[in-house]
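Structure first, commentary second.
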């Protein structure tokens with residue numbers, strides 16, 4: 001399987017024996033008999049660095065030109081992919097990147113679909129070697145515009161782990177759910193605490209101010225305008241997301257001040 005991926009195909013036995021006979025009876029002091037797929041062979045051995053040895057093979061010039069075109073395309077790929085991910089709901093971003101990783105991995109392995117490339121299957125178990133790892137790195141780099149490590153597959157050993165890494169590179173601070181860690185923590189806390197408890201802790205009034213439900217005023221508030229006087233129906237109608245986002249924005253403003 002490794003030989004096929006690098007462009008070396010099995011020889012037909014009869015043809016191989018005939019070639020051997022001709023080589024032995026011929027005058028060349030050195031000869032190589034092989035059935036080579038030039039395009040795949042050149043790509044496999046030039047993914048890390050150019051090769052003077054292979055430069056005269058017919059596929060070399062075409063692949064070099066294709067690589068230059070791919071590099072220019074990669075420069076335009078990242079903003080487009082980032083924009084597309086940003087417009088997606090948070091819970092769909094990771095799945096989109098995971099699909100991309102599985103498709104590119106299947107292509108490197110020569111599969112026609114992604115069925116054999118399970119999200120949690122180790123790349124080593126799938127058959128990846130160092131050449132395959134570099135080729136996958138190159139394909140993902142072309143698709144995302146990112147500069148990725150040649151050890152990418154070994155540092156992130158499954159498609160799911162690699163997808164999380166790539167998503168983090170495209171959208172720094174983004175979690176698999178599409179929210180920052182601080183936002184997740186605040187959402188979890190607020191979702192588990194009752195309004196009465198928020199009142200007791202003195203947190204409800206600042207949150208309501210940030211959400212625009214209570215006008216901010218310097219000094220003490222006028223009598224009868226405390227958080228207790230805001231209707232429960234009005235408070236209950238508020239989305240937790242609104243409170244959290246308002247709180248985050250308020251904290252950022254405070255830090256800037």
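Nothing in this text is a laboratory measurement; each read-out follows from the coordinates by a stated rule. Quick caveat, the model's predicted, so the values are computed rather than measured. In this analysis, Cβ positions are derived from the backbone assuming ideal geometry, glycine residues included, and neighbour counts consider all displayed protein chains.
Data overview
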{"item": "Most to least packed among 7-19, 115-127 [average Cβ atoms within 10 Å]", "result": "115-127, 7-19"}
{"item": "Rounded FRET efficiency, nearest 0.05, which uses the C-beta distance separating residue 11 from residue 88 and R0 of 41 Å", "result": "0.25"}
{"item": "Residue 51 paired with residue 95, simple spin-label distance in nm, labels 7 Å along Cα-to-beta-carbon", "result": "4.1"}
{"item": "Extension gain from residue 34 to residue 1, taking 0.36 nm per residue of separation minus the Cα-Cα distance", "result": "10.3 nm"}
{"item": "Within the range 25-44, backbone nitrogen closer than 15 Å to the virtual label 7 Å beyond the Cα of residue 18 toward Cβ", "result": "34-35"}
